[in-house]
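Working notes, beginning with the structure itself.
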């Protein structure tokens, strides 16, 4: 906890700080001397007693001498919070807390799947409690297969669909009283909208027509789509998304398709109407799913099947399934990448690993580690770095799992003077995890958290379709969620340090966004043997 | 805690969403062929709302606490939402930020809960929680699997009845709030300057300072002052507890009586001052931020509180003109090649009313052109308000969002809790009926009254060299500007 800044400066310097070896140049000494001047300025009554000009000159000379001496003998004031070993805060036991009934075995929501003759799949997740119908068209044709064409195609469809003009397209959505959302990623394009139940058939027809016969003839719309995507990226960068991109480029490496997960600006500009049409003709045959969740009226299912079956034939299995990809090897030397941001009032930190996890157990263990360390409000990092030490407002961690790799990432933002201590704290907790198994009470809490979250995230039709999409992307289904629940129920404490020793032994990829010059000075005091690489922008 | 400093619910889906439940298959409805006086979507929503109202149960404890129970045996979760009618507008001089700071401190332990215990216990059952302070109220919400309902009720009751503060906790959370201020305000271009400018326009009203408060007042906060704040404002007779989801009514009723009756008001209550409504005024201003990469134009119109007779018509105008990709302003500016990007501000003032729109111009477009088109767009709306068919489409879109949360106990409890604490009643049914009544003439009158007069226009400007670059781009032939724009992007 930081009481106030004055105390911080006076007492919380890193133990690694010591007297400077070289006296600074006059200019630099001057800038460093400001706190010293304030501390040593003569009191007013002394000044009023000074008499003749010669006496004044003598006093000033003496003062100057003291000042220079002070500048040469004192450590330049690099503001840096002290580092500390990782601490685990006690688990609280509350005697009067009512008992909770045990979770029953996880019972996945109702789901019906229809494999259609044209290769498409229709998945229904009905919910009698939902007053809406959500319809999604999911095509396994993302950036991996089609590069920037996938992103531009998705954006054009959002803007104009199969209508003559964007205005006409928006009019259709106005009539549906709905909004089309589009997501494009490495593996998939997802088109999604929600309507009141009586408009479900019309929505399905609209999406089908859009996909069968998109308007890819307008140069204006192409230009607008490219502009929108670039603006989105700038917007994300403005809000700090740039350091996330840099982290991915470094962690996955240039050879891995996730190494540049965001839309590449150069590739974006290279997309033409011709390349789009070519891509679309190919994407139209990629694996296609229709996912309908919510108030699914039984009497309409047969007609929906007919609607979808009219779509031309699609591949039953995604072409990227079964691909392997190699992530960048972990460095043997600690390297800190500094993304320069002039005048940033906060320092943003991302620290973690890209992991080629292929089996479910490893993925589930990764998720458990991320929660142990980074769960909001009760993870180890929150308890130690935020609540006990006041180093951060938003520290956390997550394990993101994808078909070709996963990432275990710890992140947060902090004040500039806390930068080194914050990174030191994150690393200390990672090391602690690989050395000591958690206690059984902590593991009980962790198991309860993981299993409970699964149940909470299956409450609504939207959540169910999101969960289904996520597990299906990895090649699983509802049964996978049940197995995950059983795995976590039995998760032994030793599994976490075992995972850490297997996967987290190399140096993590560390990206820090802030004033690079100031940060490097501070970080070198705590990590003198690390390599520092400055980045002024992210490609 | 992590939260929005304005009253935008942290539950992203539910900005204006409300509840009915799914009886979709049983209600016939055709869109686009509505009779002039009835939109089928609204009728559908009202019909589904009846089901919810049938299970609603209200009670009041001896300490005055209002309790609403919304049982749903088909749900798998339970949600507990507690709202207290205290926000930034209730803060006295020297207390700015106290409502929000105290909200943070509510998670720092109580008589039977050590600091940190609450988070551990809720997370330990897979639950999630947060809180939110705005100008008028503070709401605390938690959701977890239904099996943990007894724990949630007990934990919530504990911290409301007997929060424990000390100097260390206060200093710790002041530091956290300052970090939040840096993250959400000072690190975002225009956020501080824009918010403060807008709030100065509300001087003389109760909405004249940021919810996060001032660093000076926060630094001077002490445990005693905050406890005094708690006793004045956190009173059961003014607060609302809502529980929604799967639970046994009899068991929960008994537990609430036992656990929540321990919360007693102490000392004199804060005087509830009538809301001072600022008069609407015209404002034109410029703000510069060295971090801004491009100019933008922000429009704001002071409208009406959510319970005002014109609120439904204004909601439909926002639906038509300001919201999402279909927004008329957006489509108009795009069709004239003026718009690079548009956005909405994270501001919701339910007891005041504020509509807003932010436009980022293309390279060749000037801010003046955008302003001209926006004004023309509202004049056209006033001259040619939407007909019954378009009105029904707008109502359908709004209704769909309003009733979507009926399947989510947390969303539903949140809406109910906020309605009760602000308006002392459930308002979803009223809101739907008010929508049904809106016709073209109403839209015409409302657009003239609120959108053609007394608007606020803020120019959000980058540093001088970027402003001059932009001027040059506006002066160049359009094709040159567009080519340069593409390169810059």
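Read-outs throughout are calculated quantities, based only on the coordinates presented, and are distinct from any laboratory measurement. In this text the structure is predicted, and so the values were computed from the model without any measurement. Note that each Cβ is placed from the backbone with ideal geometry, even for glycine, and that neighbours are counted across all protein chains shown.
Odds and ends about this structure:
- log₁₀ of I(q)/I(0) at q = 0.05, 0.09, 0.13 Å⁻¹ - chain B, Debye sum with one point per alpha carbon: -0.21, -0.68, -1.28
- Stokes-Einstein diffusion for the stretch A:237-304 at 37 °C, viscosity 0.692 mPa s, with a Kirkwood radius from C-alpha pairs, works out to 203 µm²/s.
- Each Cα pair under 8 Å and six or more residues apart adds its sequence gap; the mean of these over the residue count of the stretch A:366-518 is a relative contact order of 20 percent.
- Cα gyration tensor shape of the stretch B:194-239, rounded if a/c is under 1.5, else prolate or oblate by comparing a/b with b/c: oblate
- As a rough footprinting exposure proxy, the listed residues B:238, B:487 were ranked by other beta carbons within 10 Å of their own, and the order from fewest upward is B:487, B:238.
- The stretch A:67-187 shape via C-alpha gyration tensor axes, a/c threshold 1.5: oblate
- Computed [θ] at 222 nm, deg cm²/dmol, chain B (DSSP H ≥ 4; -39,500 (n - 2.57); rounded to nearest 500): -13000 deg cm²/dmol
- In units of the rule-of-thumb radius 2.2 N^0.38 Å, the protein assembly as shown shows an alpha carbon radius of gyration of 0.97.
- Residues of the stretch A:416-452 with amide N under 20 Å of the 7 Å Cα→Cβ point at residue A:493: A:429-451
- Using the alpha carbons alone, the radius of gyration of the stretch A:286-402 stands to its Kirkwood radius in an Rg to Rh ratio of 1.15.
- Over the stretch B:75-127, the Kirkwood radius and the radius of gyration, each from Cα atoms, give a ratio Rg/Rh of 1.09.
- Between helix B:167-181 and chain B there is an angle of about 20 degrees, using the helix long axis and the longest principal axis of the Cα atoms.
- Most simply put, the protein assembly as shown has about 75% antiparallel DSSP beta bridges, counting only bridges with both residues inside it.
- Degrees between helix B:464-475 axis and first principal axis of chain B (Cα, 0 to 90, nearest 10): 50
- Between 0 and 90 degrees, the angle of helix B:388-403 with respect to the longest Cα principal axis of chain B falls at about 30 degrees.
- Across the stretch A:204-312, the relative contact order, built from alpha-carbon pairs under 8 Å that are at least six residues apart, equals 36 percent.
- Ranking of B:396, B:66 by neighbouring Cβ atoms within 10 Å, starting from the fewest: B:66, B:396.
- Normalised alpha carbon radius of gyration of the stretch B:230-274 [divisor 2.2 N^0.38 Å]: 1.47
- Here the stretch A:396-429 and the stretch B:374-393 have alpha carbon centers that stand 50 Å from each other.
- Nearest-0.05 FRET efficiency for residue A:332 and residue B:423, computed from C-beta distance (R0 60 Å): 0.40
- Per residue of peptide A:168-181, the mean number of Cβ atoms on other chains within 10 Å of the residue Cβ is 5.
- Per the Debye calculation on the stretch B:176-285 with a single equal scatterer at every Cα and no solvent contribution, log₁₀ I(q)/I(0) for q = 0.17, 0.19 Å⁻¹ amounts to -1.05, -1.11.
- All Cα pairs of the stretch A:219-335, percent lying beyond 23 Å: 59
- Number of partner chain Cβ atoms within 10 Å, mean per residue of B:339-346: 2
- Histogram of C-alpha separations across the stretch A:185-267, 5 Å bin width, %: 3, 11, 14, 17, 17, 13, 13, 9, 3, 1
- Fraction of beta bridges assigned by DSSP in chain B that are antiparallel (%, nearest 5): 75
- Between the stretch A:289-337 and the stretch A:486-539, the alpha-carbon center distance in angstrom: 31
- The stretch B:405-454 - Kirkwood radius from inverse mean 1/r over Cα pairs (Å): 13.1
- Computed over the stretch B:336-458, the alpha-carbon pair-distance distribution with 5 angstrom bins reads 2, 8, 13, 16, 19, 17, 12, 8, 4, 1, 0, each value a whole percent.
- Percentage of interatomic Cα-Cα distances in the stretch B:115-236 larger than 27 Å: 31
- The stretch A:334-414: radius of gyration and largest Cα-Cα distance (Dmax), Å: 14.2, 44
- Global geometry of the stretch A:397-539, whether rounded, prolate or oblate, following the gyration tensor of its Cα atoms and the 1.5 cut on a/c: prolate
- Averaged over A:272-285, number of beta-carbon atoms from partner chains that fall within 10 Å: 0
- Taking the fewest neighbouring Cβ atoms within 10 Å as the starting point, the ordered list for B:76, B:440 is B:440, B:76.
- The length gained on full extension between residue B:387 and residue B:441, counted as 0.36 nm times the residue separation minus their Cα-Cα distance, comes to 18.5 nm.
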